[in-house]
Amino acid sequence: MAAAAGAATEIEAACLIAATSAIFAALGIHADDAETVAADLVSADLEGIASHGVMLVPLYVERLIKGSVSKRRLGEVVSDNAGAVVIDAGNALGQLTARQAVKLAVEHAREHALAAVAVRNAFHFGTAGRYARLMAADGCVGMVMCNTRPLLLAPGGAEALVGNNPIAIALPSAGEFPVEVDMALGATAMGKIRLAAAAGNSIPPDWAVDAEGRPTTDPAEAIKGMLLPAAGPKGFGLAFVIDLLCGGLSGGAVGSEVRPLYGDPAEPYRCAQFFLAIDVGQFGDVAVFAERVRDQAARASACKRSPGVERVYAPGELVWASERASHGICRLDVQTLRSVAQAAARAGVSDFERILNRKVVDQS
């Protein structure tokens with residue numbers, strides 16, 4: 001696994017999916033489910049969202065081995081009341097129960113115009129936007145939210161009160177790229193800080209504070225501290241209500257009842273999620289709506305630019321452009337690749353290197 005300093009690794013996405021899928025399958029995850037989870041993680045890397053990519057594999061593996069993530073394929077539907085559904089995920093892999101929630105939300109929206117699915121006892125599901133896009137592809141406005149353990153402080157406060165809770169909204173579009181907003185409410189994702197720590201890099205001073213509430217550029221201190229909310233009280237307020245929409249409506253965990261993702265791997269994470277589908281066809285012509293979305297996105301992409309700016313992106317366009325520009329090749333840093341290989345060894349996958357068929361390239 002040795003590589004020169006400054007080196008990165010280019011890996012064909014198909015090879016990385018196969019190697020990652022083999023890890024999950026070796027731990028008892030059904031082959032189809034293992035491939036689904038692996039493909040989602042790899043897709044995040046292709047989209048330029050490494051904090052939600054295969055860097056998470058070691059975490060998932062450790063939790064599967066220690067039992068805080070279950071090997072079940074679906075959650076239990078504990079309540080189904082017209083357009084309102086509650087699922088107990090039973091600590092299954094989040095990518096699986098999120099797809100279950102999307103399917104139910106869309107099916108119920110077809111009948112009731114709007115449908116919501118709240119999920120409790122859930123696990124990390126990757127990027128929220130992926131599931132909003134799935135609903136948009138079925139002709140629905142898709143909204144997805146999730147709570148996490150407290151990471152954000154209130155403006156002026158010095159303790160973590162709410163999670164870096166993401167919200168994603170995707171719209172059906174007739175354009176070539178999905179139109180979506182996908183954002184957590186902190187100034188950044190904790191995964192990005194962990195990546196900086198692993199690479200030995202500093203972080204911007206407006207991302208986080210240390211355990212005493214002082215701004216820091218040291219990722220190690222930020223990991224022990226708290227994230228600053230995006231846009232101050234606006235980000236904090238949104239994160240606060242998302243926490244209660246997810247955990248409150250599902251009957252699941254809120255606030256500190258959600259456990260640290262990188263905490264005790266034997267202790268269930270217990271996050272909660274909320275999925276809302278709005279059937280556009282119940283309001284009017286889906287094709288007309290999708291064309292209007294496309295046209296507005298095109299206006300944003302083609303708008304007048306500030307001096308020195310080469311490109312303006314419409315919501316969702318940058319992720320799409322990053323995926324296209326990857327040409328199906330993931331670029332992983334050496335530390336991430338090493339940790340995934342170690343996770344493969346823990347799972348008992350002896351031919352990880354052969355499946356991966358990796359190629360190291362110098363970026364220095």
If I ask for residues that are of a type in the set (Asp, Glu), part of a helix (DSSP H, G or I) and surrounded by 21 or more Cβ atoms within 10 Å (Cβ to Cβ), which ones from the range 15-51 would you list? ASP33, ASP40, ASP45
What about GLU159, is it outside the structural domain of TYR60 (by TED's automatic domain parsing), charged (D, E, K, R) and free of Cβ contacts under 8 Å to residues at least 60 places away in the same chain? no
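Let's see how each residue does on (1) over 27 Å from GLY281 (Cα atoms); (2) in contact (Cβ under 8 Å) with a residue 40 or more places away in the chain; (3) surrounded by 21 or more Cβ atoms within 10 Å (Cβ to Cβ):
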position: VAL144; (1), (2), (3): no, yes, yes
position: THR148; (1), (2), (3): yes, yes, yes
position: LEU151; (1), (2), (3): yes, yes, yes
position: PRO155; (1), (2), (3): yes, yes, no
position: GLY163; (1), (2), (3): yes, yes, yes
position: VAL181; (1), (2), (3): no, yes, no
position: ALA187; (1), (2), (3): yes, yes, no
position: ALA196; (1), (2), (3): yes, no, yes
Residue by residue through the range 78-131, note down the ones that are more than 23 Å from GLY255 (Cβ to Cβ), of a type in the set (D, E, K, R) and surrounded by 19 or more Cβ atoms within 10 Å (Cβ to Cβ). ARG130
Among the residues that make up the range 197-211, is at least one of them of a type in the set (Gly, Ala, Ser), in the same structural domain as LEU153 (by TED's automatic domain parsing) and not in a helix (DSSP H, G or I)? no
In the range 144-162, residue modelled with the lowest pLDDT [restricted to those that are in a loop (DSSP other than H, G, I, E, B) and touching a Phe, Trp or Tyr at 6+ places or on another chain (Cβ under 7 Å)]: PRO155
Here's a check for you: in the range 211-229, which residue that is surrounded by fewer than 20 Cβ atoms within 10 Å (Cβ to Cβ) and small (Gly, Ala, Ser) is nearest to the chain's Cα centre (by Cα)? ALA220
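The values are calculated or read from the model by the stated rules, or taken from the named source; none is laboratory data. Predicted model only: the values in this text are computed from it and were never measured. In this analysis, Cβ positions are derived from the backbone assuming ideal geometry, glycine residues included, and neighbour counts consider all displayed protein chains.
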